[in-house]
1. Test of understanding: ordering B:151, B:387, B:65 by Cβ neighbours within 10 Å, fewest first, what list do you get?
2. Tell me, A:116, A:49 in order of fewest to most beta-carbon neighbours within 10 Å?
3. Per DSSP H run of at least 4 residues, take -39500 (n - 2.57); add these up for chain B, divide by its residues and hand me the 222 nm value, nearest 500 deg cm²/dmol.
4. Can you give the relative contact order of chain B as a percent, counting alpha carbon pairs under 8 Å and 6+ residues apart?
5. Below 13 angstrom from the Cβ of residue B:113, what's the summed charge of the other residues (Lys, Arg +1; Asp, Glu -1)?
6. As I understand it, the value is the acute angle between the Cα axis of helix B:2-19 and the longest principal axis of the Cα atoms of chain B; what does it come to in degrees, rounded to 10?
7. Can you tell me the dipole magnitude for the stretch B:156-271 around its Cα centre, using point charges on the Cβ only (Lys, Arg +1; Asp, Glu -1), in Debye to the nearest 20?
8. What aspartates and glutamates does residue B:79 reach when the alpha-carbon gap must be under 13 Å and sequence neighbours fewer than 8 apart in one chain are set aside?
Amino acid sequence: MRNGLLIGAFFIIFIIIAPVSGAEIIRTVAKVDTNTTEARLTIAEGSVLGITETVPDGAHITFCSLPSEQYRVSAGTLNLAVIGEKEISYTLQGGNNEPTSGTWTDFSDGSTGTVLAEGQTSYPPTEPSLRLTPAITQAPGAGVVCSLGALCIGIAVIFFRRKGL
Amino acid sequence: MKRLRYGTIALLLLALVIAFPVIGAIPADTNNDLTLTKSELSSAVLSYLDCRAGGSCSGAPVAQDLVDAAYVFTEWDGKQKQVTDSSGTIRTLTRPLHRIVVMNSETLETMRSLNVSPSIVAAVDKYTLQKPEFFPEYNATPSVGSIWAPDYERILAAHPDGVFLYATVSSKECDEIEQRIISVNPRITVFRVDCYHPATYLEDVGILGEIFDRKEESARLAAFYTSIQNAVAEGHLLGGAPDVYFETWTDNKSAAEGSGYHEKVVNAGGKNIFAGSAVEYPEVDPEAIIARQPEVIVKLVGSGAYVFGGYSGINVTRFSGVRDALLSRPGWDTIPAVRNGRVFVIHNAILGGPQYVIGTAYLATWFYPDRYNNLDPAAIHRTYLRDFQKLNESLARPELFVYPVP
């Protein structure tokens, strides 16, 4: 029981200290009228991104704030090329009320993740990155070292407790 | 017959075009006008997303190209980057470097000062691997031989996009390496940088800062060097330069004008008694040393018959033996430097390469023992290792590098 608590505590420390990589994108959805929904994507960081939004069944895109060369609509998806924009909005017509889902790829570091609905705090947002050749990158910062350190201490404490030391 | 020859030439040209369709191309620059526009980048991102979702992959970039294109667009304003290296040659980059071969450890050391990730270094020269205490991160990195005996197969097997060679030292050998590499794979960009000469070191730092987009780091490193050089220069502006005999790790071999060591002696405020010799590293007559009555003698160790001390920390007791041997050379008891106890031994690790600034500070305190109360070469050494090389500052113990220890 105590071991479980310890594991939980160290996992929380790891999560708190773990550095955020890639972008964080939040979707806010507002009903304009019974048939029209406006979605607004807010991008915290990341200057060149690709976002794929899945459009609900029966809905279609009637407006996107990006220039036409920066988005494409195809069956059930809206693909967006984000180059420096911090906010993008698009309008959906038709369909039911099921929420739109989406994924993003940050081309500054190859990280990928899920577009979060407003108020959603799911973490970590990033998924395994694209397979890339190492580029000119900085050495890992203190955050990485601290989080790995916290994880190692946690594992060591549990190990010694199990051994009765 | 003539028609046949033209046909052959045309076929050869066609083969070249097919073989190297993307030489110098900026990724996602679809119209090849050497400028990546927002429109082209957007199109590439959307094609990539379509392809990944199971749509058409025709013309879609691979992930690496897209990441590089994003970098070129955001960091280089969508244009290729042109850098004039230390040989005066303009080198062109169309994407950031990912795999490099570094054939001079001085450049590798300077890259570390600029916080360039070692993960992009695919291979190094054999001399780098002979310094495991100083370059621990490259212990498992493949060797490509040396400037004087390059292993071309290994260089090419590393699949580099960039190769770093000296600019002015061993230039004949480096010219040949450059030509052979380019003739086999013209997509490799060769950079020529010295990174050891005081007169050009800060320019070299700026060039590396440009190549690796480390301008802030290069400015910080330059400020560190400049502050020390200024402090050293202040001390000898008052005049009274002592006559100095500088001996390399080969007995009776000095350094004359044109050599890096001469420059370091002069920068520290010394008057090199063999400055005007006909060659950069003259063999000097032992009688001539005695006849010129130097006030200070500096012996360089760390190579040749004097491999000890330095970062390896081996056989440091040899320092005193070397000095004793100097003092007892025939006829040297008449030399002022010997009579006044101003004979010093210094390790090449802090004088020969980018760390010359540390060695120069030691020389200055030896040349003017009463003028540098605030100049602490050991502290400079510790700062360099800790703040720029990210190494343990305990490696800077003076007894490993100089004798007598101040």
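1. Values: B:151 16, B:387 13, B:65 19.
Sorted ascending by nearby Cβ count, the order is B:387, B:151, B:65.
2. A:116, A:49
3. On the way: 15 runs with 163 residues, N = 406.
Mean residue ellipticity, 222 nm, calculated: -12000 deg cm²/dmol.
4. Contact order relative to length: 12 percent.
5. -1
6. Helix B:2-19 and the main axis of chain B meet at about 70 degrees.
7. On the way: 10 positive and 18 negative charges, 18 e Å.
It works out to roughly 80 debye.
8. B:29, B:33, B:40, B:68
Coordinate-derived values only; no laboratory data. Quick caveat, the model's predicted, so the values are computed rather than measured. A quick note on method: Cβ atoms are made from the backbone with ideal geometry, for glycine too, and the neighbour counts reach across all protein chains shown.
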